[in-house]
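The values are calculated or read from the model by the stated rules, or taken from the named source; none is laboratory data. Just so it is clear, the model here is predicted, and its values are computed rather than measured. Cβ atoms come from the backbone with ideal geometry, glycine included; neighbour counts cover every protein chain shown. Each accessible area value is taken on the protein alone, full model and side chains, heavy atoms only, with ligands, DNA and RNA left out. Shrake-Rupley method; radii C 1.70, N 1.55, O 1.52, S 1.80 Å.
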Amino acid sequence: MSEGAETVLVVDDEPSIVEMFRTWLEPTYDVRTVTDGPTALETVDDDVDLVLLDRRMPRRNGDEVLAGLREQGHDVPVVTVSAVPPDVDVIDAPLDSYLVKPVDREALQRAVAAGLLTASLSAETREYYANAVKRSMLEATKLRGELRTSDAYRSLVDDLEAAELSGSKRTGRMTQDLTGDVYRDIES
């Protein structure tokens, strides 16, 4: 870890996953780890730059932890890393990205780098990126017919298309680059 490195909090109830992620990230980032949701909520402070959050945990699951972070006023980027494939319920979740386990080192490092990059963006651009990632994940993991019947998915697509029409070409190019990483990670 280099001095002045960004801080990543890894939250997963499996100690082996926590240690593996620590090993993969520590050369570049300051890594904190916790193995349950309540401790995660106590651990997040202004020094945490990004949270890697498992979705299925005892005592307090990842969705509850994410809601708790937002209720506490933490706007830190959150990347969900879960064995649970995303469903349309992620559309309304205040997360920045989503990885499906098993995750390899490169995919995790790309997600962390992209998440940290989004933290420096305007709220509108960050929301656009998060929605584009959600759309990419859902389209890669769900059947088209399933998505066509979802009002939440149709609303997400409409919002993205409206933002693309009114947004800058720079935002669109950046989002294509970042969501391209998501597609690559899903395919692997």
Query raised in the report: Exactly one of (1) within 30 Å of residue 7 (Cβ to Cβ); (2) surrounded by 14 or more Cβ atoms within 10 Å (Cβ to Cβ) is unmet by residue 123. Its number?
Result: (2)
Query raised in the report: Across the range 78-94, which residue is nearest to residue 29 (Cα to Cα) among those that are among the hydrophobic types (A, V, I, L, M, F, W, C) and open to solvent by 10 Å² or more (accessible area, probe 1.4 Å)?
Result: 83
Query raised in the report: If you go through the range 128-152, how many residues are of a type in the set (A, V, I, L, M), out of contact with any Pro (no Cβ under 7 Å at 6 or more places or on another chain) and not in a loop (DSSP other than H, G, I, E, B)?
Result: 6
Query raised in the report: Here are some conditions: (1) over 21 Å from residue 141 (Cα atoms); (2) open to solvent by 60 Å² or more (accessible area, probe 1.4 Å); (3) in contact with a Gly (Cβ under 8 Å, 6 or more places away or on another chain). Residue 56 meets all but one. Which one does it not meet?
Result: (1)
Report summary line: Considering the range 97-110, residues that are closer than 19 Å to residue 57 by Cβ and of a type outside the set (Val, Ile, Thr), and then whichever is surrounded by the fewest Cβ atoms within 10 Å (Cβ to Cβ), we arrive at 102
Requested in this report: Considering (1) assigned to a strand (DSSP E or B); (2) surrounded by fewer than 16 Cβ atoms within 10 Å (Cβ to Cβ); (3) β-branched (Val, Ile, Thr), say which one residue 8 fails and leave the rest.
Outcome: (2)
Query - residue 125, sole failed condition from (1) outside any helix (DSSP H, G or I); (2) within 15 Å of residue 75 (Cβ to Cβ) - result: (1)
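Among the candidates 99, 116, which residue alone is in contact (Cβ under 8 Å) with a residue 60 or more places away in the chain and in contact with a helix residue (DSSP H, G or I) (Cβ under 6 Å, 6 or more places away or on another chain)? Outline the logic, then answer.
On the way: 116 fails: in contact with a helix residue (DSSP H, G or I) (Cβ under 6 Å, 6 or more places away or on another chain).
The unique qualifying residue is 99.
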Query raised in the report: Got a sec? Which strands (runs of 3 or more DSSP E) wholly within the range 19-113 have at least 1 residues that are small (Gly, Ala, Ser) and under 12 Å from the mean Cα position of the chain (by Cα)?
Result: 78-82, 97-100
